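The values are calculated or read from the model by the stated rules, or taken from the named source; none is laboratory data. Because the structure is a prediction, the values reported are computed rather than measured. No Cβ is skipped: glycine too gets one built from the backbone with ideal geometry, and neighbour counts run over all protein chains shown. All accessible areas refer to the heavy atoms of the entire protein, side chains included, with ligands and DNA or RNA removed. Shrake-Rupley method; radii C 1.70, N 1.55, O 1.52, S 1.80 Å.
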Amino acid sequence: MAYLWSGPLPGDRAAPGTDELRERWRNRSMAEGWSLPTDWWSPAVEAVVAAVRAGRGTAVACARLGQARGRAGVGIGETLDDLGALFAVLSRPDPPLSLVRCAAEGWVDSGLMALAAESCEDPLTGLMTLSYLRSRLAEIYRAANAIGGSAGLTAAGSHCLVMVDLSDGSEPWRRLARAVVVAHDLRTVFDGGETLTLVGTGRAAALVPTGPRLEPAVASLRRLLTQTFTSADRTGEGFLVWIERLPESLTEALDLLEVLAR
């Protein structure tokens, strides 16, 4: 049964001093199989010890501990065993499930951040990141400026954004799940090297050339999404698709992107 824990409970004896608690926690973790003794300490350890001593902020500290362990390459099992060692020192049989969840979510977040840092793709959907879309816009505007004087070409005339919005008031986790589906359908329709980007929790964008194929492609995307969501939730609703025209300057385009990403 999950329960919240925010420090010493009524009737508990006080936690050991900071140095003693840290050392006892470390020794217990080593005894239970921590694989790299020299890598056990981190600033996140101090945050957890301080939170336990203060009786508040333990959830945030455990999430920070999970992130630190994940970034250091420590497995999720060893991370949770380490947290269990702390509570054994505190004479608790097991960590509260609420704190286990915080540590586990922190560990997962560290992995997602690392994946995003190593590539330009969102790790959940496989769509490109917002920063990558900014770079692509800069390239398109630069290319248009280089040849536009003689050919009359502008970025606003050559490209646009096809937007898909899922902000229907549903829970964030549900929007994320739907975003994975949208990513698949975007790749199905725009399969010619277009830049497909996640610009928010429930919003995606495709940077595509303008021209005679644009309107049919958007109509095809709308039909495909309707079919997909009808199969998934029997409504086929809860999304919007529209064409967002690019402004004349890169500065205006980047400002527009910030608005669309909110």
Of the conditions (1) open to solvent by 50 Å² or more (accessible area, probe 1.4 Å); (2) over 18 Å from LEU260 (Cα atoms); (3) at pLDDT below 90; (4) of a type in the set (Ser, Thr, Tyr), THR188 satisfies every one except a single condition; which number is it? (3)
Residues in segment 75-102 that are buried (at least 22 other Cβ atoms within 10 Å of the Cβ) and farther than 14 Å from TRP25 by Cα: how many? 2
Going residue by residue through segment 193-211, is there one that turns out to be over 20 Å from GLY126 (Cα atoms) and open to solvent by less than 60 Å² (accessible area, probe 1.4 Å)? yes
Looking at (1) open to solvent by less than 60 Å² (accessible area, probe 1.4 Å); (2) closer than 14 Å to LEU137 by Cα; (3) not aromatic (Phe, Trp, Tyr), which is the one condition that is false for VAL182? (2)
Within segment 177-259, considering only strands (runs of 3 or more DSSP E) that don't extend past its boundaries, which have at least 2 residues that are basic (Lys, Arg), within 21 Å of the chain's Cα centre (by Cα) and more than 24 Å from LEU130 (Cβ to Cβ)? none
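Counting only residues that are part of a helix (DSSP H, G or I), polar (S, T, N, Q) and at pLDDT 90 or above, which one in segment 24-55 is farthest from LEU86 (Cα to Cα)?
Looking at the filtered set, the residue picked out is ASN27.
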Could you list, in sequence order, all residues of segment 154-169 that are surrounded by fewer than 15 Cβ atoms within 10 Å (Cβ to Cβ) and either farther than 17 Å from TRP242 by Cβ or at pLDDT 80 or above (or both)? GLY157, GLY169
